[in-house]
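Below you'll find the structure, written out as structure tokens, and then a few comments.
The values are calculated or read from the model by the stated rules, or taken from the named source; none is laboratory data. All of these numbers come straight from a predicted model, not from anything done at the bench. A quick note on method: Cβ atoms are made from the backbone with ideal geometry, for glycine too, and the neighbour counts reach across all protein chains shown.
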Amino acid sequence: MKNSSFDISKGVDWSLVLVYVILVVTGIASIFATTYRDENIVNGFLSLTTDYSRQTLYFLISAVLAVFILLTDSKFYTATANIFYVFGIILLILVFPFHTDVKGTKSIIRFSSFQLQPAELCKIFVNLALAKYLSSTDIALSKLKTMFIAASLVLIPAILTIMQSETGLALVYFSFFLVIYREGLPSAFLSIGFSLAVLVVLTLLIDQDILAVGLTLLAGFVVFFFKRQISRRKSLIFVVFAIWAFSVGVQRFAVPYFFNHVLKPYQVQRIYSTVGKDFQVDTKTISEEDLKKIEEKKKAGNYNVKQSKIAIGSGGFFGKGLLKGTQTRYDFVPEQRTDFIFCTIGEGFGFMGSLLLLGLYLFMIFRVIRIAERQRSSFSRCYAYGVASVLFFHVFINIGMTIGIVPVIGIPLPFMSYGGTAQITFTVLLFILIRLDADRQMILR
């Protein structure tokens, strides 16, 4: 009989484990730096009443789960992927009757002192189910049916999450479309998605009439420069016309409708603030209570980002030291232990510390991609790319929020932000990959 300690270590990518531990410990230290109030440090860690002690507990729980995952046969994840997905959808549905309203979000279920956010946890289940489906032998992403099913696996939990006032977490699910693209989704769909994103941004920056004229002129130039091809294939003129009509329709009707009837006013304000414009509220169609909420959110959002920039900038090149930051130590930056945890690193360890942290994240993401490419199993490869996509999205958006280049949508920095569900989710997400990679030579799915 094999020794269990030998089994658990065989094939494990210890570089990923090491970076994981460094990031988690750095996160606990950052939370400690922002919440420590001169109490006895030992008692503070043992009391489970401080944020840093609870985060340490979440780390210990995550470590136990990580060991359990490493002891589990990797075939378990392929066999139960669809079951876990259904379980995740049921959890998301249960949020509606049993949720607790916490800071405007309706995505949390409370069990005594423990809080569970299924929208966070469900990322694991979506990744497993998507990998299971994309690794099936009888699918081809050139078929509309296959694309529809793969997209539905992602969009169903995303829509349920949006309905729970968690737009930020819902956007994370769209990172899984990178996996679908990697597995054969025609590049035209990615180009269309990117073009739509650019069109939405232009709609926010440019007057509607001017943009419509610009799109018309662009269509005219396309017809002029490709007139020989169009003369040979008359149907191309209809393609150009259809693209022009669609683009104008999106900027004049679809974007305004989405911003006015789907997103909440304060969310729209955040997006406008990011592109440097002020959202003009129609006071005739909005209640006084909502108008007041918009103003409060606007001031809070601008204040948060402003204070975060001050904290990061004040750190200079080498930082002030872990417990010497004035912005983060004295609560000038709201939500600094969760959404704005990066500014604690910026102030405490400066440019070099921030650069080192980014280096650790980049190493982890590129390591995951390398692991994905060496898999013999298509299931493991798809799952690994899902992990890389989620990590990249979270890191880019979270750090982008703290320096003001993306809207404040409230998603955690992986392994560092305070929160039990997020800590457990990222740990399980990563260690399932490590388990699958450890068995890459023995299992071919």
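In a residue-by-residue description of segment 425-432, the property of being surrounded by fewer than 23 Cβ atoms within 10 Å (Cβ to Cβ) and in contact with an Asp or Glu (Cβ under 8 Å, 6 or more places away or on another chain) applies to at least one position.
Against the list (1) hydroxyl-bearing (Ser, Thr, Tyr); (2) more than 20 Å from ALA384 (Cα to Cα); (3) touching a residue at least 60 places away in the same chain (Cβ under 8 Å), the condition SER135 fails is (2). Being assigned to a loop (DSSP other than H, G, I, E, B) and at pLDDT below 90 is a description that does not apply to ILE109.
Matching residues to (1) assigned by TED's automatic domain parsing to the domain that holds ASP339; (2) at pLDDT 90 or above; (3) β-branched (Val, Ile, Thr):
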| site | (1), (2), (3) |
| --- | --- |
| SER9 | yes, no, no |
| GLY27 | yes, yes, no |
| ILE31 | yes, yes, yes |
| ARG37 | yes, no, no |
| THR50 | yes, no, yes |
| TYR58 | yes, yes, no |
| ILE61 | yes, yes, yes |
| SER74 | yes, no, no |
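The condition of being under 22 Å from LYS309 (Cα atoms) and either at pLDDT 95 or above or surrounded by fewer than 24 Cβ atoms within 10 Å (Cβ to Cβ) (or both) holds for SER354. All conditions but one from (1) more than 28 Å from VAL268 (Cα to Cα); (2) in a helix (DSSP H, G or I); (3) free of Cβ contacts under 8 Å to residues at least 40 places away in the same chain apply to LYS324; the one that does not is (2).
Listed here are the residues, each with its yes/no results for (1) assigned to a helix (DSSP H, G or I); (2) under 22 Å from the mean Cα position of the chain (by Cα).
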residue	(1), (2)
ASP38	no, no
THR49	no, no
TYR77	yes, no
LEU91	yes, yes
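Does LYS145 qualify as being more than 21 Å from VAL172 (Cβ to Cβ) and surrounded by fewer than 17 Cβ atoms within 10 Å (Cβ to Cβ)? Yes; evaluated as a whole, the condition is true for this residue.
Considering the conditions (1) surrounded by fewer than 17 Cβ atoms within 10 Å (Cβ to Cβ); (2) of a type in the set (Ser, Thr, Tyr); (3) modelled with pLDDT under 85, THR167 is excluded by exactly one of them, (1). For the list (1) over 20 Å from the mean Cα position of the chain (by Cα); (2) within 24 Å of VAL24 (Cβ to Cβ); (3) of a type in the set (Val, Ile, Thr), I need the number of the one condition that VAL126 fails. It fails just one condition, (1). The number of residues in segment 152-169 that are more than 14 Å from VAL408 (Cα to Cα) and touching a helix residue (DSSP H, G or I) at 6+ places or on another chain (Cβ under 6 Å) comes to 8. Pairs linking a residue in segment 333-347 that is in contact (Cβ under 8 Å) with a residue 12 or more places away in the chain to a residue that is outside any helix (DSSP H, G or I) and of a type in the set (D, E, K, R), with Cβ atoms under 7 Å and 6 or more positions apart or on different chains, are GLU347/LYS320.
Would you mention how many residues in segment 164-218 are small (Gly, Ala, Ser), within 17 Å of PHE259 (Cα to Cα) and free of Cβ contacts under 8 Å to residues at least 12 places away in the same chain? Spell out how you get there, then give the answer.
Step one: filter segment 164-218 for residues small (Gly, Ala, Ser), giving 165, 168, 170, 175, 184, 187-188, 191, 193, 195, 197, 212, 214.
Checking which are within 17 Å of PHE259 (Cα to Cα) leaves us with 165, 168, 170, 197.
Of the ones still in play, those that are also free of Cβ contacts under 8 Å to residues at least 12 places away in the same chain are 197.
So the answer is 1.
On the basis of being surrounded by fewer than 24 Cβ atoms within 10 Å (Cβ to Cβ), at pLDDT below 95 and within 19 Å of ARG182 (Cβ to Cβ), does ARG374 make the cut? Considered against the rule, which asks whether it is surrounded by fewer than 24 Cβ atoms within 10 Å (Cβ to Cβ), at pLDDT below 95 and within 19 Å of ARG182 (Cβ to Cβ), ARG374 comes out as yes. Restricting segment 74-84 to residues that are in contact with a Leu (Cβ under 7 Å, 6 or more places away or on another chain) and closer than 10 Å to ALA129 by Cβ, the residue that is surrounded by the fewest Cβ atoms within 10 Å (Cβ to Cβ) is PHE84.
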